[in-house]
1. Sort out for me the Cα centre separation of region 291-341 from region 1-62, rounded to whole Å.
2. For Glu436, what is the net charge nearby, where nearby means another residue's Cβ is under 11 Å from its Cβ and Lys, Arg count +1, Asp, Glu -1?
3. Distance in nm between label sites at Asp169 and Ala246, each 7 Å beyond Cα in the beta-carbon direction?
4. Efficiency by 1/(1 + (r/R0)^6): what FRET value for Glu227 and Leu368, r their Cβ-Cβ distance, R0 = 25 Å, to the nearest 0.05?
5. My understanding is that a pair violates if its Cα-Cα distance is over 20 Å; which of Lys309/Lys336; Lys283/Lys350; Lys2/Lys25; Lys235/Lys279 do that in this structure?
6. Nearest 0.05, what FRET efficiency do Ser451 and Lys278 give at R0 = 30 Å with Cβ-Cβ as r?
7. I need the peptides 95-104, 4-13, 437-446 ranked by packing, meaning the mean over residues of other C-beta atoms within 10 angstrom, with the highest value on top.
8. Quick one: net charge around Asn287, please, counting Lys, Arg +1 and Asp, Glu -1 for every other residue with C-beta under 14 Å from its C-beta.
Amino acid sequence: VKLPDNLTTWTAIANAVTAQTQVGKGAGDIIVTKDLIVRPVLPRFFNVGDQATIGAIIRNSTERTQNVTVSISATTISLASPLTRTLTISAGQSATVNWIANVPKGPNMPNMPNVPISTTITMSARGETARDAVQLAIPIEPFGEKRIVANAGQLDDNEARFTLRVPNDATFTTLKLSTSPSLAAGLIDSLEYLVGFPYGCVEQTMSRFLPSVLVKQALDKLQIKNEKIEKELPKQVEDGLTRLYAFQHEDGGWGWWESDESQPYQTAYVLYGLVQAKKAGYKVDENAIKRATRFLRQPLVDTTDYDLKVYIAYVLAEAGQGDPALARAMIDRQDKMSLNARALLALLLKSVGEETRAKEIVTALAKLATETAQTAHWAEPDISRRRWEYFISNGRTTATILRALLALDPQSPLIPKVVRYLMQNRLGGYWRTTQETAQVLIALTDFLAQSRELDATFTYEVF
């Protein structure tokens, strides 16, 4: 059997069943190794100005003593001599060799780089009958805090000017200037951030694939091409769905992980994502949806937490199981809700045919906006912001209210101000958390689909 070029242990498992229902199982390990192995001992990264001890462990797996010549080389950093050592390693034994590495400070970096760089370290070992070599790239990071200074604006005349202030002691500084016919068009960078976010818990998995589904719909509708997203999206959605199915518990709910208790809010969030994926044309396991809706029925009745009750009712309505009577009954309980939940209640009422009452809620929310000449946003009371389990943040709440405005008061003068606020408060191409980034993307997708701002044609000059 030809195995990949990877020094590891491979486990083969065989399961068998006969026509007489006799069953059996067997397993075996295959260890892929070499007679002489170099194992680098390196940090995950260096800081500018570091002095560090790096090393290698040399393993002699032959049946004889080996005289081994070990050498090292590196780019960017300097290494203390000697760079070549000779070791005598007995059969079946290991030996360690170390070097002192010095990372230059920012001004002494070659070519005065203004972007993060790395060092490539090569280690080799040559014995009398065997040899091995390893090459790894290690990033070199600035010694300090990563800080992003962002500015977003709108060109009303023929010219726009703005100033970005960079601290005098800043290192590895970069400037990225993006132009588009719409402030919201910057969501492409944000989607790429979510698509590239590493898999983790249920919430991170959901916040990765749900916006991808919704934004892909908007890009198709607006006939915008993005080869990177179109190439990666199908597999990302498929992998996300597979992972979510594996996380679903026996009672039909989801928690944070695979073996914890089911949480009503998490379950509603996942169900919402599955429903939206289905609407986008992806094949979704109907049994997973049915089990989740059954699980949510009991907490919908039992809970006295109106943030939770509104969210479950909203998601069930999205799944085609809206309850108009329950939606109307919650109108008089808005004093027990966060601003985010009140916006969701407006969207819920609209979906069950109570658009007049929904508009009343949106009108009331508009009066609570923190508004300037250029921006508008909403700030949750401190008591609501402490509800970490519901992912509440001012950015997320502002995005949800933007969705309600677009659905129920699309001519509101607050809408462009809210979009400007959201774009100005990005941390580069994304927002504070995966949840906030996901919800803002959903809102901006609604805005783009409605405003058609990406249809504009223009030229620009930077000077």
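1. That distance is 50 Å.
2. +3
3. 4.6 nm
4. My answer for the efficiency is 0.05.
5. Lys283/Lys350; Lys2/Lys25
6. Details: r = 26 Å, r/R0 = 0.88.
After rounding to 0.05, the efficiency reads 0.70.
7. Values: 95-104: 16.6, 4-13: 9.1, 437-446: 25.7.
Per-residue Cβ counts within 10 Å, averaged per peptide and sorted highest first, yield 437-446, 95-104, 4-13.
8. Its environment carries a net charge of +1.
Each value in this text was obtained by applying a stated rule to the coordinates, not by laboratory testing. From a predicted model like this one, the values you see are computed outputs, not experimental measurements. Cβ atoms come from the backbone with ideal geometry, glycine included; neighbour counts cover every protein chain shown.
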